[in-house]
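Notes follow once the structure below has been shown.
Coordinate-derived values only; no laboratory data. Small disclaimer: the values here were computed from a predicted structure and weren't measured. Virtual Cβ from ideal backbone geometry, glycine too; neighbours counted across all protein chains shown.
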Amino acid sequence: MEASRLKSHVFYGSLKKEYPVVSHAEGSYIFSTDGKKYIDCSAGAAVSNIGHSAEFVQNAMIEQIKKATYVYGSQFTSEAREDLADRIISLAPEGMERVFFCSGGGEAVESIIKIARQYQVEAGRPSKYKIISRWQSYHGNTIATMSVGGRPSWRKPFEPLLLHMPHVAQCNCYHCPFGLKHPDCNLACAEDLERTIKYEGPETVAAFLLEPIIGTTATCSLPAEGYLKRIREICDKYDILMCCDEVITGLGRTGKNFAVDHYGVVPDLISVAKGLGGGYVPIGAVIAHQKVVKAFEEGSGSLVHSFTFGSMPIVCAAANAVLKYAVDNKLYDRAAEMGDVFAEKLKKGLLDLWAVGEVRHKGMLFGIELVKNKEDRSSFPPAFHFSDKVSKYCFENGMIILSGVTGVRDGVEGEALQLSPPFVITEEEMDEAVSILRNAIITVSDEYMHQNNN
Ligand SMILES: Cc1ncc(COP(=O)(O)O)c(C=O)c1O
């Protein structure tokens, strides 16, 4: 196949750019048919956590293909499905009891919304249906998940179709929505939840949904100390489920099994996806706490929700192999240790640049703030597309990062980059990545200065 195709029948995300054609992928690298090699510092979309083309997973998939690839989850179960649920529960926080399978992150969050609503019905509180979520969040691209999403530019074209789901402020100390400083702020962002619950009416609110560490829309924005514990208290006070979207952060990305494990908080429902299939299969899941399961067991006994492809044995077998490979090779610990190493290299290689305001990380999830002025943290004009330009330069020079994020400060302004490499990335590969990224930021900063001095 040609390296890039000018005429295609694929409805691409961008109809104005050429896509390289993948030839093969291995470890932290993707190779295209024109002989180019890319270091994959985003793991696709934070997916290929254990690295590309692990033979262990390939073999497990071949084994399962020979036995059975598909049975309908409402008619049969399989060893692969049962083993996978056992494995996930063994990694999940204390008290998590059952796992619902689906085909990706959006389906997992859609499922959280429905399970949370049905839970309230089963628990005898049928007036509770609203899902409160946060600005500067991303939960998927379906109508319901976009309704709880909080990235204005992605919501806008579909605004008339979205459901009424109240939003509260994000917890983001670098760009505090209240202009305050922790701990003097007294967690004003958490109190925004309680205030909103009161305004909406506690009897109408079923759940609060949040990314414990924000991924795509605020690039590894970490919760302030005490934030998640306060959220847990508020949810309990009003019989509201605390639902954590760990589609990016779940299963090792932050150097622990789940992001909530860093903060000693146990949610009622958790969504996972990306690192679960590791890029070998599309799969998502909702992990439910025993409190939620009990309400279903003592209520109707049935979950009014399913997907045709929810529990395919071939998919579950692959995900089982991905998790076994990660655990046997201690890759989550590696994400913690090597994440610190990469963070040091990024800080050393980038923080002296005038446009780099902050480098932060948890495990193998990194956020880099790009600012016009380090002192007042003011933002580049969104129309300049600073972060997108950096990401484009990197791609052209053999390094993949996600397309830049605009709007991290207030939904409109604020530029940042997200890095989320495979956990198997080596120190040598990190050095290569830092060097390309440094050149990219210098090139785009120079272009900005040039435009603004003329
Ligand atoms: C936190 C979070 N939730 C949900 C999703 C949606 O997942 P998917 O693209 O698999 O539907 C994403 C995707 O980036 C995500 O980061």
Task: Sum of side-chain charges, VAL371 neighbourhood, beta-carbon under 10 Å (Lys, Arg +1; Asp, Glu -1) - done: -1
Open item on the list: Can you report the principal axis dimensions of the range 234-296 using only the alpha carbons, biggest first, rounded to whole angstrom?
Closed with: 40, 27, 14
- [ ] In whole angstrom, note down how far apart the Cα centers of the range 17-75 and the range 136-211 are.
- [x] 34
- [ ] Place the peptides 41-52, 352-363, 181-192, 336-347 in order of packing, highest mean first, counting for every residue the other Cβ atoms within 10 Å and averaging per peptide.
- [x] 41-52, 352-363, 336-347, 181-192
Task: Directionally averaged projected area (convex hull, Cα atoms, the range 314-454), nm² - done: 10.1
Task: Solution diffusion estimate, µm²/s, Stokes-Einstein, the range 218-325, Kirkwood Rh from C-alpha pairs, 25 °C, viscosity 0.890 mPa s - done: 158
Open item on the list: Could you check the spin-label model distance between SER23 and ASN439? Points 7 Å from the Cα along Cα→Cβ, value in nm.
Closed with: 2.0
- [ ] Write down the radius of gyration of the range 203-244 and its Dmax, each obtained from C-alpha positions, in Å.
- [x] 11.4, 34
Task: Rounded to whole Å, sorted largest first: equivalent-ellipsoid semi-axes of the range 176-260, Cα gyration tensor - done: 22, 17, 11
TODO: Quick one: work out the % antiparallel among DSSP beta bridges in the chain, nearest 5.
DONE: 70
Open item on the list: Show me, bin by bin at 10 Å from 0, the whole-percent P(r) of the range 52-186 based on Cα pairs.
Closed with: 9, 24, 30, 24, 10, 2, 0
Task: Calculated [θ] (222 nm, deg cm²/dmol) that DSSP helices of n ≥ 4 give over the chain, each run adding -39,500 (n - 2.57) - done: -11500 deg cm²/dmol
- [ ] When you have a sec, figure out the Kirkwood radius of the range 55-328 from all distinct Cα pair distances and drop it here in Å to one decimal?
- [x] 19.0
Task: Mean separation of Cα contacts under 8 Å, 6 or more apart, over the residue count of the range 55-328: relative contact order % - done: 31
TODO: Take LEU222, LEU161, LEU210, LEU419 and order them by how many other Cβ atoms sit within 10 Å, fewest up front.
DONE: LEU161, LEU222, LEU210, LEU419
